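Single-structure report; data block below.
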Amino acid sequence: MKGVLELLRRSKPDEPGQPDNQDSLFTTAFADQGADPELLVPWEARANEIGARRLPPGRGLAADGEVLFRLHCQICHGPSGRGASAEELAGSSEPLTSETPDKTIGSYWPYATTLFDFIRRAKPMGAPGSLTNDEVYALSAYLLRLNGVIDAAQEMNAGTLPAVRMPNRDGFIGVDATPRR
């Protein structure tokens, strides 16, 4: 198994007009903090598996996601994702500059592909990883619609999800995590 740093050195930089490659930034940041690069390979492989350039086939609409949300998510996140025993996912009322900011999907998350990744690996709470790709795309579409990021009729799939421009995309400070030689 090749080390992550070796893989990073061989990887091509992002090309103009292509989705950002956040995966290598994540892995390099941990490697630079002393983590064993060999232990990070599974993380890199998992991140690449669903990264903006390698989303799985499938598709989903917000209407289908709403049904799935009521079935799997509403009990913890409340009706319309406004929060219950778990964090609110939509409906932020306090800006990020507030002393008590609302960090919802629409107000905080910088990339729609991160939403897909999180749902796919960690949800539903009682059976993580049990949703199909179509169900994950549908839930992503529903949550993006709840946050006013996409229209209700917009299909989410491997081509459209990375193209979604999140409202807080420019709210994070970039870090150059390129390994120094």
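The values are calculated or read from the model by the stated rules, or taken from the named source; none is laboratory data. Keep in mind it's a predicted model, so treat the numbers as computed, not measured. Counting neighbours? That spans all protein chains shown, and the Cβs are built from the backbone with ideal geometry, glycine included.
Brief remarks follow.
- Set 114, 100: member being at pLDDT 85 or above and within 17 Å of residue 147 (Cα to Cα): 114
- Test for residue 103: is it surrounded by fewer than 17 Cβ atoms within 10 Å (Cβ to Cβ), within 18 Å of the chain's Cα centre (by Cα) and among the charged types (D, E, K, R): yes
Conditions tested, residue by residue: (1) modelled with pLDDT of 90 or more; (2) touching a helix residue (DSSP H, G or I) at 6+ places or on another chain (Cβ under 9 Å); (3) not in a loop (DSSP other than H, G, I, E, B).
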| residue | (1), (2), (3) |
| --- | --- |
| 68 | yes, yes, yes |
| 75 | yes, no, yes |
| 83 | no, yes, no |
| 87 | no, yes, no |
| 94 | no, no, no |
| 105 | yes, yes, no |
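- Filter result for residue 70 (more than 24 Å from residue 54 (Cβ to Cβ) and either of a type in the set (A, V, I, L, M) or surrounded by 20 or more Cβ atoms within 10 Å (Cβ to Cβ) (or both)): no
- Residue match in segment 107-120 (condition: over 21 Å from residue 88 (Cα atoms) and in contact (Cβ under 8 Å) with a residue 60 or more places away in the chain): no
- Among residues that are more than 24 Å from residue 172 (Cα to Cα), touching a Cys at 6+ places or on another chain (Cβ under 7 Å), hydroxyl-bearing (Ser, Thr, Tyr) and not in a helix (DSSP H, G or I), residue 130 is not included.
- Residues in segment 136-149 that are assigned to a loop (DSSP other than H, G, I, E, B) and under 15 Å from the mean Cα position of the chain (by Cα) were compared, and the one that is surrounded by the most Cβ atoms within 10 Å (Cβ to Cβ) is 147.
- For segment 50-100, the tally of residues that are in contact with a Gly (Cβ under 9 Å, 6 or more places away or on another chain) and at positive phi stands at 4.
- Of all residues in segment 117-135, none are at negative phi, buried (at least 22 other Cβ atoms within 10 Å of the Cβ) and aromatic (Phe, Trp, Tyr).
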